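Beneath this line is the structure, given in structure tokens, with notes to follow.
The values are calculated or read from the model by the stated rules, or taken from the named source; none is laboratory data. Everything quoted here is computed from the prediction, not taken from an experiment. All Cβ positions, glycine included, derive from the backbone under ideal geometry; neighbour counts span all protein chains shown. All accessible areas refer to the heavy atoms of the entire protein, side chains included, with ligands and DNA or RNA removed. Shrake-Rupley method; radii C 1.70, N 1.55, O 1.52, S 1.80 Å.
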Amino acid sequence: AFGCGVIGTWAFKITGERQSAQYRKRYLQAILRQDVGWHDVRATMGLSATFAQQTLLVQGGIGSKISEGLRFLGQAIFGYLIALYYNAPLAVLMFCFAPITFSSSAMLVTVTEKTARMVQRAFSAAGSVCTEVLASVRTV
């Protein structure tokens, strides 16, 4: 089981890295296809920082999160099935507490998403300032 878990996690991580590389490649191609006026209208300084952050989220999401999610879902389902087989009253008790567990998990996900959005906006603003400062540095 340990070997299968390691191989599954490794396969999903490789997939996440490849998908992230494809996103970066297509993003660069899309930016290079734009007219000059498109860059004048939009604040393109923060695009690189924002996109870098987003590709890291995609890479992490496809990489380890899907693998862990599938593993944990399988553990929960088979845990309930084994509990039903060996001790049905305990399984019923577990089912009674499942909504509390699910609601607290949903609340945690909501808070985490809001925080991630705030962090992304902050990094975008900081990346924009950093790119602007580095672009305006003159060599003597």
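Element breakdown for the chain at a 1.4 angstrom probe: carbon and sulfur atoms account for 70% of the accessible area.
Taking each DSSP H run with n ≥ 4 as -39500 (n - 2.57) and averaging over every residue of the chain yields -31000 deg cm²/dmol at 222 nm. Take the Cβ atoms of Glu132 and Ile82, set R0 to 35 Å, and the FRET efficiency comes out at 0.05. The calculated pair-distance distribution of region 85-140 uses every alpha carbon pair, bins of 5 angstrom beginning at 0, and gives 4, 15, 10, 10, 9, 8, 8, 7, 6, 6, 5, 4, 3, 2, 1, 1 percent.
Taking 0.36 nm per residue of separation and subtracting the current Cα-Cα distance, fully stretching the chain between Lys13 and Met118 would add 35.2 nm. Accessible surface computed residue by residue for the chain, with neighbouring protein chains in place and a 1.4 Å probe, gives 78 Å² per residue. Residues considered: Thr50, Thr112, Thr101. Largest GNM mean-square fluctuation over the chain, using C-alpha springs under 10 Å, is found at Thr101. From the alpha carbon centroid of region 93-137 to that of region 8-42 is 21 Å.
Shown is the FRET efficiency for Gln54 and Ala98, computed with R0 = 25 Å from the Cβ-Cβ distance and rounded to the nearest 0.05: 0.15.
Of the options (i) 45, 19, 12; (ii) 31, 20, 14; (iii) 22, 18, 15, only one is semi-axes √(5λ) of the Cα gyration tensor in Å as computed from these coordinates, and that is (i).
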